[in-house]
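Undergrad: Following this message is one structure expressed as structure tokens.
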Amino acid sequence: MDGISKFRSPMSDPVLMEMLAERQLDEVPLFSNNRRNMPAQAWGAAFQRWEELAPDGDGPVNPEKTPVSDAVEMTRLIKEKARELGADDVGIAELTPIMINEGRSLGHKYVISLLLEEKYENVLGGALAVEMETIDVYVRCAEVSTELSKYVRSLGYPALADHNGTMEVQAIPAMVAGGLGELGKNGSMIHRQFGANFRPGFVLTDLPLVPDAPDLFGVQDYCMNCKLCENNCPPAAIAASEDYVITEGYKRWQINIPKCYEASRLRDEYCHICVDVCPYVHKENGDREKLGIYKQFMGKRRQAGWRTTQWFLEDEEQVLNGGGRHEPLPTVDLEVDPGRVNTAQARGAIGAAE
Ligand code: SF4
Ligand code: SF4
């Protein structure tokens with residue numbers, strides 16, 4: 001089946017390329033190796049790990065097929081296995097063309113969506129800490145999806161792993177159909193427990209499974225009256241509440257991509273603000289600890305000015321005076337653990353250099 005969802009490559013989207021040309025830039029500032037606070041080693045290690053995992057993302061299927069007489073029980077086993085491998089939640093949907101990126105073609109019957117939490121407390125460490133957490137979770141998503149695909153193939157059924165290093169699946173339609181949450185105005189899926197603070201991985205398969213039903217718990221209605229992401233997005237790239245289209249029965253607020261790129265690609269600091277200001281990190285799950293962190297973070301944003309690209313008041317001072325947020329980091333040679341890239345060891349080295 002051919003994919004029909006538009007896909008924007010994080011590094012080579014034509015809109016981004018045009019913006020670089022207009023500004024006579026020869027590389028994306030966010031991904032520049034010369035960036036002041038670039039965790040280049042961590043991104044490099046992530047790419048390396050994705051390459052290492054690639055051969056195991058697909059492959060020969062065990063010729064001795066395990067008979068499946070009870071798809072409900074097999075579904076339970078697969079979800080249990082995914083959690084054992086490190087997923088924080090799992091959802092299953094029948095694969096449809098909207099769940100596949102344009103230019104890609106997949107013939108599987110089901111998509112298993114795996115969700116791994118990004119630790120929210122990193123917001124208090126600033127943009128670099130959030131970025132390091134993101135890289136770490138992206139790598140773990142690839143590891144979990146690859147291991148699960150190997151497990152499914154060992155049962156005698158085709159299975160293909162997909163993640164940020166392969167990018168076949170359009171994440172939000174697959175996750176929403178698989179019952180993991182609802183699309184929010186900030187363009188992210190909102191999960192009951194983790195809000196928008198997670199990253200996904202996927203396994204495509206023909207193993208007999210039972211799809212989940214969508215989990216609609218009121219996010220899209222709440223977004224109609226909440227303006228937190230809208231009012232915190234530095235370049236005002238997020239649409240107003242009533243400015244949505246309906247796709248497959250769901251509201252979809254379109255992000256103004258060139259405006260978003262101004263803050264999220266053409267600056268040399270990670271922008272994750274629309275995710276981190278979303279109250280669903282504590283609202284539905286009632287997590288008091290996350291509520292406390294959320295209040296501290298939002299207090300700092302209020303002081304700094306809601307639309308600031310910088311996260312903290314002291315940084316805002318520097319930016320207004322034309323300065324940067326971070327002193328250049330000393331070069332650190334991260335030791336890459338071949339079995340586990342972008343480890344706490346890598347995080348420690350960056351942290352110690354700050
Ligand atoms: S990533 Fe940053 S610039 Fe883009 S929509 Fe979110 S808050 Fe706005
Ligand atoms: S911040 Fe508010 S409007 Fe934005 S996605 Fe979250 S709940 Fe919806």
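Bear in mind that the values in this text are calculations on the coordinates, not laboratory data. Worth saying up front: this structure is predicted, and the values here are computed from it rather than measured. Because the Cβ atoms are built from the backbone with ideal geometry, glycine has one as well, and the counts that use them run over all protein chains shown.
Undergrad: Net charge near ALA240: determine it from the other residues with C-beta under 10 Å of the C-beta of ALA240, scoring Lys and Arg +1 and Asp and Glu -1.
TA: Taking every other residue near ALA240 into account, the sum is -1.
Undergrad: Counting Lys +1, Arg +1, Asp -1, Glu -1, what net charge surrounds VAL72 among other residues with beta carbon under 14 Å of its beta carbon?
TA: -2
Undergrad: Would you please state the base-10 log of I(q)/I(0) at q = 0.09, 0.10, 0.11, 0.15 1/Å for the chain, with intensities from the Debye formula using one equal scatterer on every alpha carbon?
TA: -0.51, -0.64, -0.77, -1.46
Undergrad: Hey, how many Å between the Cα centroid of the range 178-219 and the Cα centroid of the range 95-120?
TA: About 10 Å separates the Cα centre of the range 178-219 from the one of the range 95-120.
Undergrad: Let me ask something else. Anything over 26 Å Cα to Cα? Flag those among LYS109/LYS150; LYS81/LYS283; LYS109/LYS283, in the order listed.
TA: LYS81/LYS283; LYS109/LYS283
Undergrad: Where does the chain land at 222 nm, in deg cm²/dmol rounded to the nearest 500, when only DSSP H runs of n ≥ 4 count, each adding -39500 (n - 2.57), divided by all residues?
TA: -11000 deg cm²/dmol
Undergrad: Could you tell me the relative contact order of the chain? Use alpha-carbon pairs under 8 Å, at least six residues apart, and round to a whole percent.
TA: With pairs under 8 Å counted, the relative contact order is 21 percent.
Undergrad: Each label point is 7 Å from the Cα along the Cα-to-Cβ direction; what then is the distance between the points at PHE7 and VAL72, in nm?
TA: 3.7
Undergrad: Provide Rg over Rh for the range 14-217; use the alpha carbon set for both Rg and the Kirkwood Rh (inverse mean inverse pair distance).
TA: 1.00
Undergrad: Let me ask something additional. Mind ordering 8-14, 272-278, 119-125, 213-219 by average Cβ neighbours within 10 Å, highest first?
TA: Top of the packing list down: 272-278, 119-125, 213-219, 8-14.
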